[in-house]
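In what follows, a structure is listed as structure tokens, so that the remarks can point back to it.
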Amino acid sequence: MKQIYDFSMPSRQSYAAIPLIIYKLYKTWFKILLPFLVATIFSAGITTKIIFGILLLIGVVFGIVSFFRYTFQVVAEELIIKKGVFKRSKMVIPFERIQSINFKQSIIHQALSVVELEIDTAGSKGSEFELYALSNKKAESLRSTILASKRIDLLPKEEVEIKTSIRHIGEVLFQLSFVDLLKVGLTQNHLKSALLPVALLFWLQNTLQDVDINLEEIIDKNIDTDQIINSSLLILGGFIIVYAIFSILISLIRSIIKYFELKFIRITDGFKVSYGLFTKREITIKDSKIQLFHWRDNLLRKIPKIHSMEIKQASSTTVKQKGSSIHLAGLSQNHINVTLQTYFKDDPYQVKEFISPSEWLLIRQLVILSLLLVAAITALFYFPNEKIIIAGILLIPFLMIRAYLFQQKKKIGMNEEVIHIKGGHFANDHLLFQTYKIQGVAIKQSPFQHRKKLASIIFYTAAGIKRMPYLDLAQAKSIRDYVLMVIETDKRDWM
Amino acid sequence: MLLFIGFGVLYFLKKLAFLAPYTGLVILAVFLFLLALTWIRLKRFGSMGYQVRHHDLVFKDGFLWRSEIAIPFVRVQHSEVTQGPIARWMGYSTLKLYTAGGSQSDLSIPALLPEKAEKLKAYIAQKSIADEADI
């Protein structure tokens with residue numbers, strides 16, 4: 001992978017970009033023109049046909065012109081892109097501003113053996129841009145050019161890192177086999193995705209019941225109410241089974257399409273992940289940009305002992321950008337450890353001691369839930385036929401168990417390097433981030449917490465807000481002060 | 001959007017039509033509610049405060065729900081002094097600090113005298129660079 005290509009002169013994309021540009025253009029036009037198309041589809045006169053023909057032709061011409069007007073070059077650690085058909089524009093992107101370079105390959109790309117490059121910069125919204133099509137080798141070479149020259153200004157740090165680095169460059173840390181894919185697909189959180197339609201059904205049924213009751217009054221109670229309830233329960237049961245099968249199938253297919261041939265690779269200063277059946281994606285993330293590791297299992301995933309993991313980058317906008325973080329699925333605990341060891345160069349990520357939130361968190365929730373339960377039972381005496389109340393009564397014990405599990409699992413631990421927050425209700429959830437990458441800390445108190453001298457601590461990271469509830473106020477303050485001390489004295493750049 | 005809200009309010013009022021005989025009471029309740037809100041606002045204002053420390057800025061806010069947020073100078077991305085029309089009329093400015101931690105961690109200190117806000121802003125900008133060089 002040496003420098004075969006010279007990027008110092010302005011060069012164009014692969015010719016394959018032309019159809020791709022035209023295709024994209026048509027796609028946007030199609031969306032805009034859709035209502036018009038639907039309106040004229042049956043009564044298309046010769047003039048409309050001509051107009052459409054002209055439009056299509058304009059698209060072709062536009063695509064070709066914009067292809068020839070789109071050039072990129074590399075000059076002194078900067079990527080310069082010139083483009084525009086009517087309004088010419090020039091973008092200069094210094095390499096150090098480039099956050100990530102991701103490869104994307106749809107079926108069309110694969111057929112033409114080209115890749116699309118998405119280049120994300122640390123700037124604000126809309127600062128990311130695309131190279132529609134470059135040949136595989138050229139894209140790879142461009143990426144290594146950008147990554148290589150970035151290494152130069154990081155050199156002093158690099159020397160220290162190489163000594164202790166335990167993973168080789170280019171080593172595959174983790175890959176998914178077909179069986180793993182099946183496991184991932186089968187253990188999606190089906191329950192969660194089933195909740196919405198069940199709730200919808202419940203609501204629908206309730207409304208129907210209302211109508212039925214009205215009808216009954218009119219026709220003098222000719223219909224047997226028991227029968228209605230029985231048949232609706234049957235419908236509900238059947239629906240749940242059908243939905244379960246459907247949901248499992250869908251998530252199976254989805255995870256196979258999404259994570260097909262997943263490969264997680266260590267590269268210089270970062271990680272690279274590639275996956276996808278129809279659309280192949282390749283995402284790279286640099287160590288310095290990583291803000292947070294988030295991994296979790298769920299009830300089903302506990303059986304094959306697999307986890308999903310997200311490696312989050314700093315996102316400049318509050319809107320989540322696609323590809324601003326790496327998603328992995330089907331990892332064993334060992335895979336997670338290897339990843340963390342690779343990133344942290346050893347095991348400074350291991351936190352020994354954890355603290356739990358105050359029991360008041362649980363007590364308060366249980367009190368509120370019990371009061372609700374009492375209220376619901378009382379209400380049941382007045383409205384014995386309201387199904388929603390019965391459902392509520394059944395739900396409350398579930399919420400109580402949930403609250404209990406939350407209390408048991410929520411824990412925070414820290415050492416010189418990282419903060420580790422554990423959590424989850426039925427699942428086990430882990431958040432791990434480096435203390436010096438935190439942007440700000442807050443301590444918050446509700447009136448209740450204030451009375452009990454408790455507080456929640458909130459960490460603002462560049463990859464989202466993370467909180468730890470119901471700590472002792474003094475404890476929260478000492479954590480805050482420690483975190484501030486680390487941020488204010490750590491020499492490393494947060495990104 | 002506005003239309004929807006308008007309809008919503010109308011619908012709501014229609015539902016409340018049964019309260020018509022007790023108009024006096026309703027007005028009293030609304031008045032008391034507003035009074036309570038004002039009182040909480042005043043209390044909140046009383047407990048609001050900021051503190052410029054060696055390497056960070058702490059802002060305290062809230063009377064019922066309290067919060068205390070600390071932003072190290074080295075993590076301030078940029079800052080600005082803003083002034084809405086009412087604040088301009090009353091002669092006050094707001095100082096806003098932006099970090100990379102998302103909009104919720106952005107700090108805004110309201111009701112500062114304009115000169116003070118500018119001075120503070122300049123100080124933070126200077127400290128931000130100095131601290132970065134120091135460590």
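In this calculation the C-beta distance from A:Gln408 to B:Gln83 is compared with R0 = 35 Å, giving a FRET efficiency of 0.10. How would you classify chain B from its alpha-carbon gyration tensor, with a ≥ b ≥ c the square roots of the eigenvalues: rounded for a/c under 1.5, else prolate if a/b is greater than b/c, otherwise oblate? It is prolate, given that a/c is not under 1.5 and a/b is the larger ratio.
Subtracting the Cα-Cα distance of B:Lys43 and B:Leu25 from 0.36 nm times their residue separation leaves 3.8 nm of extension gain.
Of all lysines in the structure, those lying under 16 Å Cα to Cα from B:Lys119, and not within fewer than 8 positions of it along the same chain, are B:Lys96, B:Lys127.
Is any residue of region A:458-480 close enough, with backbone N under 15 Å, to a label point placed 7 angstrom from the Cα of B:Lys60 along the Cα-Cβ axis, and if so, which? Correct set: A:474, A:477.
For B:Phe7, A:Phe246, the sequence from fewest to most other C-beta atoms within 10 Å is B:Phe7, A:Phe246.
Once backbone amide H atoms are built at 1.01 Å from N, B:Asp56 has B:Phe73 as its partners under 5 Å, excluding neighbours fewer than 5 places away on the same chain.
For A:Trp360, B:Trp65, the sequence from fewest to most other C-beta atoms within 10 Å is B:Trp65, A:Trp360. Around A:Ser358, with a cut-off of 14 angstrom between Cβ atoms, what is the net charge of the other residues, counting Lys and Arg +1 and Asp and Glu -1? Result for the neighbourhood of A:Ser358: +4. Charge tally for A:Leu277 (other residues, Cβ to Cβ under 12 Å; Lys, Arg +1; Asp, Glu -1): +3.
Which shape class applies to region A:17-153: rounded if a/c is under 1.5, otherwise prolate when a/b exceeds b/c and oblate if not, where a ≥ b ≥ c are the square roots of the Cα gyration tensor eigenvalues? The shape class here is prolate.
If you sort the three axes of the alpha carbon gyration tensor as a ≥ b ≥ c, you get a/c of 1.5 or more for region A:360-406 and a/b no higher than b/c, which makes it oblate.
Residues considered: B:Thr82, B:Thr23, B:Thr38. Largest GNM mean-square fluctuation over chain B, using C-alpha springs under 10 Å, is found at B:Thr23. Estimated from the Cβ-Cβ distance and a Förster radius of 25 angstrom, the FRET efficiency linking A:Ile241 and A:Ile388 is about 0.60. Evaluating 6.51 cos²θ - 1.76 cosθ + 1.60 at θ = phi - 60° for every residue in region A:23-39, the Karplus couplings come out as 4, 4, 4, 4, 4, 5, 4, 4, 4, 5, 7, 3, x, 5, 4, 4, 5 Hz, glycine and proline recorded as x. Residues in region A:394-403 carry Karplus couplings, in order, of 5, 6, 4, x, 4, 5, 5, 4, 4, 4 Hz; the curve used is 6.51 cos²θ - 1.76 cosθ + 1.60 with θ = phi - 60°, and Gly or Pro positions show x. What does the helix-only formula give at 222 nm for chain B: each DSSP H stretch with n ≥ 4 adding -39500 (n - 2.57), the total divided by the residues, and the result rounded to the nearest 500 deg cm²/dmol? -16500 deg cm²/dmol, from helical runs alone. Checking the cross-link pairs A:Lys138/A:Lys258; A:Lys104/A:Lys263; A:Lys90/A:Lys280; A:Lys453/B:Lys121 against a 23 Å limit on the alpha carbon distance flags A:Lys138/A:Lys258; A:Lys90/A:Lys280; A:Lys453/B:Lys121 as lying beyond it. Seen from B:Phe7, the other residues with C-beta closer than 15 Å to its C-beta sum to a net charge of +2, counting Lys and Arg as +1 and Asp and Glu as -1. Going from the residue with the fewest nearby Cβ atoms within 10 Å to the one with the most, A:Ser141, A:Ser325 rank A:Ser141, A:Ser325.
Coordinate-derived values only; no laboratory data. What you are looking at is a predicted structure, and each value in this text was computed from that prediction instead of being measured. All Cβ positions, even for glycine, are placed from backbone atoms using ideal geometry, and neighbour counts span all protein chains on display.
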